[in-house]
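Reviewing the structure listed below.
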Amino acid sequence: MLSKMRRRTTLKFIPLLLSGGAGLSMINSVEAQGKSQHTWWKEAIVYQVFIRSFADSNGDGIGDFRGLLNRLDYLKNLGVTVLWLNPHYDSPNVDSGYDIRDYRKVNSDFGTMEDFEALMAGAHARDMKVIVDLVVNHTSDQHIWFQKSRSSRDNPYRDYYIWRDGKNGGLPNNYPSFFGGKAWQNDSKTGQYYLHYYERCQPDLNWDNPKVRQEVHDIMRFWIARGVSGFRMDVIPFISKPAGLRDLTIEELQDPSVVFANGPHLHTYLHEMNQKVLSPHNAMSVGEAFGVSYAQTPLFVSQQRKELDMIFHFDTARVGRKDWETRPWTLQELKETITEDDRSTGPDGWTTSFLENHDNPRAVSRFGDNSPASAKALSLLVMGRRGTVFIFQGQEIGMTNISFDKIEDFEDVNAKGIWADTVGRGTHSANAVLTELRQTSRDNARTPMQWNNTTTGGFTTGTPWFRLNPNTDRINVAAQELDSSSVLSFYRQIISFRKSHPVLVYGTFHDIDPQNPNIFAFTRTLDNNQILIFINLTAQSQAWALPAEINLGKILLNTHVVKPMGRTLSLAPWQGCITAISS
Ligand code: TEU
Ligand code: CA
């Protein structure tokens, strides 16, 4: 309901944004869908590393650059071609590094700049590229710019951030913060308020100041010079602030991201960044597109507009969610988001395929039943659709959510903010909020990587910074390495299959049975080459009648040993196949 409402609301922004810039009519004239230009980043298998929880090399309980370096052969073996590092910069770590103190220093928890350079060299020696997180909607309040900015109203850095007087003895407007409470903080030194969409220690930068944009471009060049091949851009649609910073209406307050993502100069700033930095250096870009509707997607990713290469839409990964709460969902709904996402790119844009990241719970717990079989079925969904593949550490072994007994078990600032806004204000019971957070919390994805069956999971020789999931005794890399029927073995197989079958990368996507509540069946087509993918996304056996126009060809990849045959296929729980289609 809410997401439908959001789509309708956002549609009206389109003509506004297009006036003056390149229009959709221009986009329509380019190459037909499916004839997409071949590029390395479309073919990439990106592996996201939440460094803090990946591998600890020095026994302090915190994952680090050397730990990751030591595991590069494992990733190479898996078939990974690009690493995406979560923020690796100097930070007080209030929001896991998304609060940056110095963009030109590395996080000392992770090692030194020399360690970072060794990691880069190690990746390049194995033909892997590295992209880093670009977090430039906000900085840490400990950043020198903010320290200067807050020092006086006439400091040259004052205008690097967004300062306003209060209104009628209260806040400048009614913006809420995503991490609870309001988005304004009064600063006693000068008596004004600064804006923070996230935690109050994450003040928002003022992108309308050309000096800020110049600084960001310089930071990007700094990391490109150190071998980085591109950027994942954190909440990038929020950089241009709404004109006048008026109050949000009650309807807009339901989902402030829609207004925040539609600032008047957003596309001007992205185009400028592309022309000054991305294009000249051939750097890849993927924007986290919180608040962006499918209808708006071409504005970001149409190649002709020269802004970003692709964006992340959250609707698929967040089916069955309303913010931090769960809601009932159906497979039809999940499939609909994938079709919409696929079409949203327009004829010359590109998209991403993912179910997990550091902000979402584990897919196998959310859409599967925690079983290895369901992890394999979901891998087929991620690898089978069109879009650059992003997998998150541990997904390849079927890591699951962890159990939380009490609020103290959580590390995440987001969980704490939700708690304060609900239980803290007496609007919800502790039990009700815990029940939801257990399923939706970002902490579910942030537990240490499970390398072996010891109590510290082979992640560290010391005390891990965050609890390991006790199921590391069953779910771990060491055990799966030796087992040809493991989730890990299946990931290796399907990644190598995708790499050797361009139809899986470039072929058009078509859902052939959208109303089926149990099975996801779709074709991929590239020139004369067509393949069929069907996945039983339930824990029960299912019969699936092949559509009349399709004759099953050779089975090319199968999650199970048993081969489905005939015109009505019997599928085991979570069984999925890739097959040829015979004429
Ligand atoms: O996240 C964007 C974001 O706001 C949501 O994904 C967030 O996880 C949650 O839904 C808020 O209610 C990005 C980063 O990925 C996230 O880790 C950071 O905390 C956030 O921006 C601020 O930098
Ligand atoms: Ca360490």
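Where a number appears in this text, it was derived from the coordinates with a stated rule and is not lab data. Everything quoted here is computed from the prediction, not taken from an experiment. Positions of Cβ are generated from backbone atoms using ideal geometry, with glycine treated the same way; all protein chains shown enter the neighbour counts.
Okay, here's what the table says:
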{"read-out": "Rounded Å value of the spacing that divides the Cα centres of the range 239-289 and the range 345-422", "value": "25 Å"}
{"read-out": "For T388, T579, T559, order by how many other beta-carbon atoms lie within 10 Å, fewest first", "value": "T579, T388, T559"}
{"read-out": "Within the chain: Cβ-based charge dipole about Cα centre, in debye rounded to nearest 20 (Lys, Arg +1; Asp, Glu -1)", "value": "780 debye"}
{"read-out": "Helix 2-11 axis, angle to the chain major axis (alpha carbon atoms, nearest 10°)", "value": "70 degrees"}
{"read-out": "Sequence ranges 256-266, 353-363, ranked by mean other-Cβ count within 10 angstrom, highest first", "value": "353-363, 256-266"}
{"read-out": "Nonlocal amide H pairs with L557, under 5 Å, H built at 1.01 Å", "value": "I578"}
{"read-out": "Residue-wise HN-Hα coupling along the range 206-217, computed from phi with Karplus coefficients 6.51, -1.76, 1.60 (Hz; x: Gly, Pro)", "value": "9, 6, 6, 7, x, 5, 5, 5, 4, 4, 5, 4"}
{"read-out": "Cut-off 14 Å between beta-carbons: net charge of the residues surrounding S583, Lys and Arg +1, Asp and Glu -1", "value": "0"}
{"read-out": "Residue exposure sequence - L434, L488 - by fewest surrounding Cβ within 10 Å", "value": "L434, L488"}
{"read-out": "Of every Cα-Cα pair in the range 144-195, the percent that sits beyond 17 Å", "value": "35 percent"}
{"read-out": "Dimensions (Å) - the chain, Cα atoms, principal axes, largest first", "value": "76, 59, 52"}
{"read-out": "Leading residue at positive end of dipole, the range 508-581 (Cβ point charges), from L526, M565, P547", "value": "M565"}
{"read-out": "Relative contact order [Cα under 8 Å, 6+ residues apart], the range 508-581, whole percent", "value": "33 percent"}
{"read-out": "Relative exposure of T249, T139, T297, judged by other C-beta atoms within 10 Å (fewest first)", "value": "T249, T297, T139"}
{"read-out": "Helix 331-344 vs. the chain, principal-axis angle (Cα, 0 to 90°, nearest 10)", "value": "70 degrees"}
{"read-out": "Relative contact order, percent, the chain [alpha-carbon distance under 8 Å, six or more residues apart]", "value": "14 percent"}
{"read-out": "Distance from the range 463-519 to the range 68-82 (C-alpha centre basis), Å", "value": "15 Å"}
{"read-out": "Considering only the chain, percent of DSSP beta bridges that pair antiparallel, nearest 5", "value": "60 percent"}
